[in-house]
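I have placed the structure first, in the form of structure tokens, so that the comments after it can refer back to it.
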Amino acid sequence: MNPLSQQQVRGMMPQPTMPVVDRERIYQWINDLSSPETRENALLELSKKRETVNDLAPLLWHSFGTIAALLQEIIQIYPCILPPVLTASQSNRVCNALALLQCVASHPETRSVFLAAHIPLFLYPFLHTVSKTRPFEYLRLTSLGVIGALVKTDEQEVINFLLNTEIIPLCLRIMEGGSELSKTVATFILQKILLDETGLSYICHTYERFSHVAMILGKMVLSLSKEPSARLLKHVVRCYLRLSDN
């Protein structure tokens, strides 16, 4: 019988609650988001803690002015998109804000209100960008991560929301010309939409929609024959399998 790994043992043991001092620091950083002078450091620190503070999403959502501050971070770099003059430091900062929005998007207590506020739409201008520079690639990938966190839940309201937006053509464009990581996340999003009956019916409802998806998937197969990626191929195959169900 194989001995348990340290990670497995830790998983069986009761996990200690966060010390009061750390909680106070979280509260202070959330408050710091409201001030332009302290926001950058607060974004950095909170983004580091987003996977260790279980209730960070509700704290962010219900704290006065916090979501508005995160949206302000997003909106203020729109002018840097066209012409594409986004710097690495600007990209890192807004991606920290996006990471906190991903936290809100993936939490069961805040997901519905996140959608009701149409917050994903604020990210779509980033998905429209085509610059291949690292700051833009990082921006697209992090934005896709927010949408990926939504579809990962397999909830009907998420699919219904996305189908009423331009997410499918945006994902298809990234699947055709993005980096391997961006292609992988975009294909995962398409796969999740296809796995939903409403999503499959939507894509197969007209020849134009179906043929566009099939054409992009075909191009990806040709590209993968030259530059193989098992992770990306897995999602492409799953998209084909689901299309064959219609």
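Each reported figure results from applying straightforward, stated rules to the coordinates on display, with no laboratory input. Keep in mind that this is a model prediction, so the values were computed, not measured. Using ideal geometry, Cβ is built from the backbone for each residue, glycine included, and neighbour counts are taken over all protein chains shown.
Things worth noting here:
- Between 0 and 90°, nearest 10: helix 207-226 axis offset from the chain longest Cα axis: 80
- Folded to 0 to 90 degrees: helix 66-75 orientation relative to the chain principal axis, Cα: 50
- Only one residue of V237, P169, C204 has its Cα farthest out toward the positive end of the dipole of the range 162-246, where Lys and Arg carry +1 and Asp and Glu -1 on Cβ, and that residue is V237.
- In the chain, Cα pairs under 8 Å separated by at least six residues give a relative contact order of 14 percent.
- Listed peptides 155-163, 224-232 by packing density, highest first (mean Cβ within 10 Å): 155-163, 224-232
- Sorting the segments 197-209, 64-76, 181-193 by their mean number of nearby beta carbons within 10 angstrom, highest to lowest, gives 181-193, 64-76, 197-209.
- Label selected from (i) -0.29, -1.35, -1.51; (ii) -0.36, -1.26, -1.33; (iii) -0.51, -1.18, -1.22, the criterion being log10 I(q)/I(0) by the Debye sum over Cα atoms at q = 0.08, 0.17, 0.18 Å⁻¹ as computed here: (ii)
- Computed from Cα atoms, the angle from the helix 39-49 axis to the main principal axis of the chain rounds to 70 degrees.
- Each residue of the range 229-238 is assigned a 3J(HN,Hα), and the resulting list reads 8, 4, 5, 5, 4, 4, 6, 4, 4, 5 Hz, derived from the Karplus form 6.51 cos²θ - 1.76 cosθ + 1.60 (θ = phi - 60°), x at Gly and Pro.
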